[in-house]
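A.B. asks: Got a structure here, written out as structure tokens. Questions coming.
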Amino acid sequence: MTPHPLIAGNWKMNGLHASLAEVAKLGALYQPSLQAKIELLICPPATLLAGAHEITAAAKIALGGQNCHFLETGPHTGDISAWMLKDAGASYVIVGHSERRQSYQETDALVHAKALAALEAGIRPIICVGETAEQRQAGMALSVVEEQIKASIPAQASSKIVVAYEPVWAIGTGVTPTHAEIAEVHAHAREMLKRLLGPTFGDQIRLLYGGSVSPANAKEILKLANVDGALVGGASLKAQDFIAIAEAYL
Ligand code: 13P
């Protein structure tokens with residue numbers, strides 16, 4: 001059975017203890033009619049995971065981390081393992097976000113190791129891929145995404161994996177690709193996943209679009225073929241906006 005579409009919120013480095021009120025608001029807005037149609041996930045900063053979990057567990061909202069180490073334990077000051085995220089209540093973790101690929105030189109091989117660690121820990125990795133503006137201008141968008149998918153998805157992948165296409169130039173800019181561009185990359189990504197993992201798993205893996213998704217553009221984007229949800233940054237910080245994006249499915 002194909003899982004529900006996933007609307008995931010990446011809070012990035014935003015949120016203090018007071019922001020848990022926003023999580024509670026989200027819980028109140030996530031009504032059974034919506035629960036029946038879509039899965040809602042928030043990925044707050046690690047400092048808020050335990051506090052958020054007390055709210056999300058009761059509200060049927062999934063919780064995720066924004067990054068993890070590829071090992072379970074050890075001398076890695078400042079790092080957090082997938083097992084620790086799970087222990088704090090997370091059932092997902094974002095790996096390979098372009099902000100980490102760019103700021104911390106994370107490679108596909110490292111993203112692959114992190115995704116594998118997440119699966120071993122029993123949480124679902126959301127593996128991010130996407131081209132830069134320069135790569136798109138050079139006509140390389142499809143080949144960049146293809147390479148990233150090939151190199152960062154573990155071979156033993158199952159339908160537990162989620163892939164997010166986030167063109168770097170669309171993140172936090174208010175600019176989105178055209179619908180044809182999104183559909184083209186998602187169709188190509190789907191083909192790649194089927195080739196790599198076989199038709200069953202390749203079809204079941206949810207392919208999210210991310211990059212300047214807002215209540216205003218969500219409905220049209222989420223209608224596109226092979227778009228199984230969204231990874232939302234800025235618009236996930238306000239419960240009202242985030243739920244409006246999820247309501248595109250109603
Ligand atoms: P914005 O929605 O703020 O563009 O961020 C997208 C993103 O990077 C989600 O991971």
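Read-outs throughout are calculated quantities, based only on the coordinates presented, and are distinct from any laboratory measurement. These figures come from a predicted structure and were not determined experimentally. Every residue, glycine among them, receives a Cβ derived from its backbone with ideal geometry; neighbour counts consider all protein chains shown.
A.B. asks: Looking for something more than 15 Å from the ligand (Cβ to nearest atom) and either basic (Lys, Arg) or not in a helix (DSSP H, G or I) (or both) - is there at least one such residue anywhere in segment 162-177?
C.D. replies: No; the residues of segment 162-177 include none that is more than 15 Å from the ligand (Cβ to nearest atom) and either basic (Lys, Arg) or not in a helix (DSSP H, G or I) (or both).
A.B. asks: Right, another one. Hand me the list of helices (runs of 4 or more DSSP H) wholly inside segment 192-250 holding 1 or more residues that are within 16 Å of the ligand (Cβ to nearest atom) and in contact (Cβ under 8 Å) with a residue 60 or more places away in the chain. Full working, then the answer.
C.D. replies: On the way: elements: 199-204, 218-222, 239-246.
Once the helices (runs of 4 or more DSSP H) in segment 192-250 are filtered for at least 1 residues that are within 16 Å of the ligand (Cβ to nearest atom) and in contact (Cβ under 8 Å) with a residue 60 or more places away in the chain, what remains is 218-222, 239-246.
A.B. asks: Please verify whether Gly202 is touching a Lys or Arg at 6+ places or on another chain (Cβ under 6 Å) and surrounded by fewer than 19 Cβ atoms within 10 Å (Cβ to Cβ), treating the condition exactly as stated. Walk me through how you get there before you give the answer.
C.D. replies: Numbers: touching a Lys or Arg at 6+ places or on another chain (Cβ under 6 Å): yes; surrounded by fewer than 19 Cβ atoms within 10 Å (Cβ to Cβ): yes.
It is true that Gly202 is touching a Lys or Arg at 6+ places or on another chain (Cβ under 6 Å) and surrounded by fewer than 19 Cβ atoms within 10 Å (Cβ to Cβ).
A.B. asks: Just for segment 85-107: of the residues that are away from the ligand (no atom under 12 Å from the Cβ) and aliphatic (A, V, I, L, M), which one is surrounded by the most Cβ atoms within 10 Å (Cβ to Cβ)?
C.D. replies: Ala90
A.B. asks: Output the qualifying pairs, or none if there are none: Cβ atoms under 6 angstrom, residues six or more apart or on different chains, first residue in segment 41-62 and part of a helix (DSSP H, G or I), second residue surrounded by 23 or more Cβ atoms within 10 Å (Cβ to Cβ) and not aliphatic (A, V, I, L, M).
C.D. replies: What qualifies is Ala52/Pro44.
A.B. asks: Return the residues of segment 53-80 that are within 21 Å of Ala109 (Cα to Cα), of a type in the set (Gly, Ala, Ser) and surrounded by 22 or more Cβ atoms within 10 Å (Cβ to Cβ); say none if nothing qualifies.
C.D. replies: Gly65
A.B. asks: Only helices (runs of 4 or more DSSP H) wholly contained in segment 98-157 count here; list those with 2 or more residues that are in contact with a Cys (Cβ under 7 Å, 6 or more places away or on another chain).
C.D. replies: In segment 98-157, the matching helices (runs of 4 or more DSSP H) lie at 108-121.
A.B. asks: Moving on to the next point. Residues to consider are Ala138, Ala121; find the one that is over 23 Å from Pro3 (Cα atoms) and not acidic (Asp, Glu).
C.D. replies: The conditions single out Ala138.
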